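Heads up: the structure comes next, in structure tokens.
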Amino acid sequence: MFGNSANAIASYKKVETDMAVASSDPHHLVQLLFDGAIQGIAMARIHMDNGNIAEKGRYISQAIDIINNGLKTSLNFDSGGEITRNLDALYSYMSTRLIFANLRNDPAVLDEISGLLTEIGSAWSSITPHKSSP
């Protein structure tokens, strides 16, 4: 009568995510990127453990996309200095390692990258964003 509940749940989550992004400041958007990459890796791990190759690859690709087209592109090379260069290199390393994890079905690599993202995301969330005066 109501169709596929999985589609309804996915649609709800997309709307919920879209609303969170639309109402977020830049600092919170970066936190959402960390969360999304970590969740993608967690889902890839579940699918890796269950032998679901296609879904594992889809979620690893999602995490790589968030790292490369979200976290890396949010870096400010004009004012970030050495920290920005180090993060850029670390994000490149993460993407390369995730490709390796996908090719080799290596859950330890997924755990490694998830740990790195969690650590950096935690440090990011502890920063109080500077608000400029009107």
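We did not get these values from a lab; they are worked out from the coordinates using the rules stated. Predicted model only: the values in this text are computed from it and were never measured. Please note: Cβ atoms are built from the backbone with ideal geometry, for glycine as well, and neighbour counts cover all protein chains shown.
With the cut-off at 25 Å, report for the range 25-126 the share of all Cα pairs above it, as a whole percent.
For the range 25-126, the fraction of Cα-Cα distances above 25 Å is 17 percent.
If r is the Cβ-Cβ distance from residue 61 to residue 127 and R0 is 30 Å, what FRET efficiency results, to the nearest 0.05? Please report the intermediate quantities before stating the final value.
On the way: r = 29 Å, r/R0 = 0.96.
After rounding, the FRET efficiency stands at 0.55.
What's the FRET efficiency of residue 76 with residue 100 using the Cβ-Cβ distance as r and R₀ = 41 Å, to the nearest 0.05?
Values: r = 29 Å, r/R0 = 0.70.
Working from the Cβ atoms, E equals 0.90.
Mind checking the range 29-134 for trypsin sites (Lys or Arg not before Pro) that DSSP puts in a loop (not H, G, I, E or B) and that have at most 11 other Cβ atoms within 10 Å?
131
When the scattering of the range 24-63 is computed by the Debye formula from its Cα atoms alone, each counted once and equally, what is log10 I(q)/I(0) at q = 0.18, 0.27, 0.28 Å⁻¹?
-0.48, -0.75, -0.78
Ratio of the range 66-134's C-alpha Rg to 2.2 N^0.38 Å, to two decimals? Working shown, then result.
Numbers: Rg = 14.3 Å, N = 69, 2.2 N^0.38 = 11.0 Å.
Against the compact-globule rule of thumb, the ratio is 1.30.
Extending each Cα 7 Å along its Cβ direction at residue 54 and residue 108, get the distance between those two points in nm, one decimal.
So the two model labels end up 3.1 nm from each other.
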